[in-house]
């Protein structure tokens, strides 16, 4: 069944490429990049399928048990734009592939000087023989990296100036997962890609990890009264657990400037004492929005205001 689905996908990919993409590339003299374009088309097609699955699964979930209901949803419509840009784009994988060469060159240099960097296969040799086990280990390790990246986004003022756009959504839905400043996306994607290369994640595994992670993150942002129970809440980030991270005051203030930073696994919040399992379904947003601070409604204004906040942060202003 899976092989048949793969054959159908490949056939559709080839047809679209030959009928629409290749003629344009030929006319522009870009056929030298045909292979890259073909792979990019495949990733864009996966993004379309991913969005279709999100809508099919999470829209009914939000309709079934919504936390909030709104008459005006303009802010949500902007988040839809972010989702399409992110899921059709190839930013995480593109940065991963761009960094492969310099990281390999660095490894050669280190070996020439008698330095061998640790590799996950050296520590866990069974990974090479167990693809599912390897996938889960890589997923757990990259989630550890993302936990600390997320802590940095909250605790470094210049980074919060960008990341606060994500938290400024007062109407949080499953579309809000990709609501990020573009510069913030570049920085976080680069950090995760470097970590993936250091521990030796194969490019195919990395692509699957990105997809799996994005699906779970979309669920965690859903406007739904959904809890996984006492044990489940401690195994996988749920909409209830992550809503506390977006709650006004709770999610971006205090000793750690927030709580529930884990992207996929609450384990890291438990270990580093940033977990909050007590918070109910609080309103989302940032406290200064209540005093009238504008984070923008439309895509371009949100991006511009993020740069304005970034500039102010370097001057010591908030």
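The values are calculated or read from the model by the stated rules, or taken from the named source; none is laboratory data. Keep in mind that this is a model prediction, so the values were computed, not measured. With ideal geometry, Cβ positions are generated from the backbone for all residues, glycine too; neighbour counts draw on all protein chains shown.
Taking segment 20-88 as the region of interest, the helices (runs of 4 or more DSSP H) fully inside it that hold 1 or more residues being modelled with pLDDT under 80 and loosely packed, with under 15 Cβ neighbours inside 10 Å are 34-64. Would you list the helices (runs of 4 or more DSSP H) that sit entirely within segment 238-318 and hold 2 or more residues that are free of Cβ contacts under 8 Å to residues at least 40 places away in the same chain and buried (at least 21 other Cβ atoms within 10 Å of the Cβ)? Where helices (runs of 4 or more DSSP H) fall fully within segment 238-318 and carry at least 2 residues being free of Cβ contacts under 8 Å to residues at least 40 places away in the same chain and buried (at least 21 other Cβ atoms within 10 Å of the Cβ), they are 239-246.
Quick one: would you say residue 156 is surrounded by fewer than 21 Cβ atoms within 10 Å (Cβ to Cβ), on the phi < 0 side of the Ramachandran plot and at pLDDT below 95?
Details: surrounded by fewer than 21 Cβ atoms within 10 Å (Cβ to Cβ): yes; on the phi < 0 side of the Ramachandran plot: yes; at pLDDT below 95: no.
When the stated conditions are applied, residue 156 does not pass them.
Consider segment 222-237 and keep the residues that are in contact with a helix residue (DSSP H, G or I) (Cβ under 7 Å, 6 or more places away or on another chain) and more than 20 Å from residue 273 (Cα to Cα). The one that is surrounded by the fewest Cβ atoms within 10 Å (Cβ to Cβ) is 227. Please determine, by comparing only the residues of segment 170-179 that are part of a loop (DSSP other than H, G, I, E, B) and crowded, with 24+ Cβ neighbours inside 10 Å, which one is nearest to the chain's Cα centre (by Cα). Top of the filtered list is 179.
Is one or more of the residues making up segment 196-219 assigned to a helix (DSSP H, G or I), out of contact with any strand residue (DSSP E or B) (no Cβ under 6 Å at 6 or more places or on another chain) and within 17 Å of residue 67 (Cα to Cα)? Looking for residues that are assigned to a helix (DSSP H, G or I), out of contact with any strand residue (DSSP E or B) (no Cβ under 6 Å at 6 or more places or on another chain) and within 17 Å of residue 67 (Cα to Cα), one finds at least one in segment 196-219, hence yes. When each of 298, 285 is tested for being out of contact with any strand residue (DSSP E or B) (no Cβ under 8 Å at 6 or more places or on another chain) and modelled with pLDDT of 95 or more, the lone residue that passes is 285.
Given the criteria in contact with a helix residue (DSSP H, G or I) (Cβ under 9 Å, 6 or more places away or on another chain), in contact (Cβ under 8 Å) with a residue 24 or more places away in the chain and over 15 Å from residue 165 (Cα atoms), does residue 219 qualify? Answer is yes for this residue.
Here are some residues: 151, 243, 234. Which one is more than 17 Å from residue 86 (Cβ to Cβ) and in contact with a strand residue (DSSP E or B) (Cβ under 8 Å, 6 or more places away or on another chain)? Walk me through it before giving the result.
Details: 151 fails: in contact with a strand residue (DSSP E or B) (Cβ under 8 Å, 6 or more places away or on another chain); 234 fails: in contact with a strand residue (DSSP E or B) (Cβ under 8 Å, 6 or more places away or on another chain).
Result of the check over 151, 243, 234: 243.
You will find that of 187, 132, the residue that is in a helix (DSSP H, G or I), farther than 21 Å from residue 256 by Cβ and at pLDDT below 95 is 132 and no other. (1) within 27 Å of residue 66 (Cβ to Cβ); (2) assigned to a helix (DSSP H, G or I); (3) in contact (Cβ under 8 Å) with a residue 24 or more places away in the chain: which one isn't true of residue 144, the others all being true? Going through (1) within 27 Å of residue 66 (Cβ to Cβ); (2) assigned to a helix (DSSP H, G or I); (3) in contact (Cβ under 8 Å) with a residue 24 or more places away in the chain one by one, residue 144 breaks only (1). Of the residues that make up segment 199-206, is at least one under 21 Å from residue 84 (Cβ atoms), within 15 Å of the chain's Cα centre (by Cα) and in contact (Cβ under 8 Å) with a residue 60 or more places away in the chain? Within segment 199-206, not a single residue is under 21 Å from residue 84 (Cβ atoms), within 15 Å of the chain's Cα centre (by Cα) and in contact (Cβ under 8 Å) with a residue 60 or more places away in the chain.
Does segment 150-157 include one or more residues that are free of Cβ contacts under 8 Å to residues at least 12 places away in the same chain, more than 24 Å from residue 46 (Cα to Cα) and assigned to a helix (DSSP H, G or I)? Walk me through how you get there before you give the answer.
Step one: list which residues in segment 150-157 are free of Cβ contacts under 8 Å to residues at least 12 places away in the same chain, which gives 152, 156.
From the residues that got through so far, the ones that are more than 24 Å from residue 46 (Cα to Cα) too are 152, 156.
Pick out the ones that are also assigned to a helix (DSSP H, G or I) and you get 152.
Looking through segment 150-157, at least one residue is free of Cβ contacts under 8 Å to residues at least 12 places away in the same chain, more than 24 Å from residue 46 (Cα to Cα) and assigned to a helix (DSSP H, G or I).
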